[in-house]
Amino acid sequence: MVDILGSILSADFGSLQLEVDKITDASVDGIHLDVMDGNFVPNISFGLPVINKIETDLPLDFHLMIRNPETFVRHLVDEDCRFRRSKFKHSVTLHAEASAEIDDDLEMLRAYGYSPRIAINPATPVTALEKFLPLVDGVLVMSVNPGFAGQKFIEGVLSKVAYIKEQNPKLLVGLDGGVNDKSLPLIAKTECDYLVSASYLFNSNNYAVAVDSLRF
């Protein structure tokens with residue numbers, strides 16, 4: 001069964017912990033953290049000061065939509081960071097487009113107990129992933145252009161999911177962007193392992209119903 005990660009990008013930040021508790025009760029499988037720098041993507045979201053305030057027994061999925069992510073990675077592997085080598089298998093996703101020099105970052109993340117992953121934007125050819133695949137546990141296929149929640153699902157990226165799973169069946173493959181009840185019939189035809197939900201989840205009247213509606 002596909003895992004559902006709740007992206008707090010669309011949560012009410014005025015009561016963020018309550019929102020995290022509510023999606024936890026709704027049986028999400030993890031908390032997705034969209035870290036944006038206003039450079040790699042046109043928006044700015046949040047960083048470790050906000051993330052450090054979240055209390056949860058769920059794994060965290062750090063999605064670094066930032067240019068040259070090594071600075072943030074250094075924070076994650078710092079000896080004072082509570083997330084490294086934790087009892088949870090937190091994951092960290094770097095973008096293939098963000099820097100040509102992320103090999104060392106991916107290896108460092110694994111060494112400090114994180115699950116390293118790589119993301120690819122809709123316009124980026126899937127071949128751009130090839131040199132990174134031996135270093136990661138999973139691939140996040142962006143099904144919208146990153147930076148904003150609530151965008152329309154780009155159907156053409158599904159061929160990337162099929163290609164990655166065919167070439168690397170052991171890799172986890174996720175979809176992020178425009179994931180909702182309308183795009184799900186298309187997504188359910190793939191071998192996707194996890195889905196990221198932001199606006200569809202947090203704009204729903206019942207988080208548990210929304211989560212259940214995305215599972216297949």
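Values in this text are rule-based calculations from the coordinates and carry no lab data. Keep in mind it's a predicted model, so treat the numbers as computed, not measured. Cβ sites come from the backbone with ideal geometry, for glycine too, and all protein chains shown count toward neighbours.
Before moving on, here are some points about what is shown:
- Number of positions in the stretch 38-82 that are surrounded by fewer than 20 Cβ atoms within 10 Å (Cβ to Cβ), touching a strand residue (DSSP E or B) at 6+ places or on another chain (Cβ under 7 Å) and charged (D, E, K, R): 1
- Residue selection: Asp103 satisfies the criterion of being surrounded by fewer than 16 Cβ atoms within 10 Å (Cβ to Cβ), in contact with a Lys or Arg (Cβ under 9 Å, 6 or more places away or on another chain) and over 23 Å from Val209 (Cβ atoms).
- Residues in the stretch 84-99 that are over 16 Å from Pro122 (Cα atoms) and of a type in the set (D, E, K, R): Arg84, Arg85, Lys87, Lys89.
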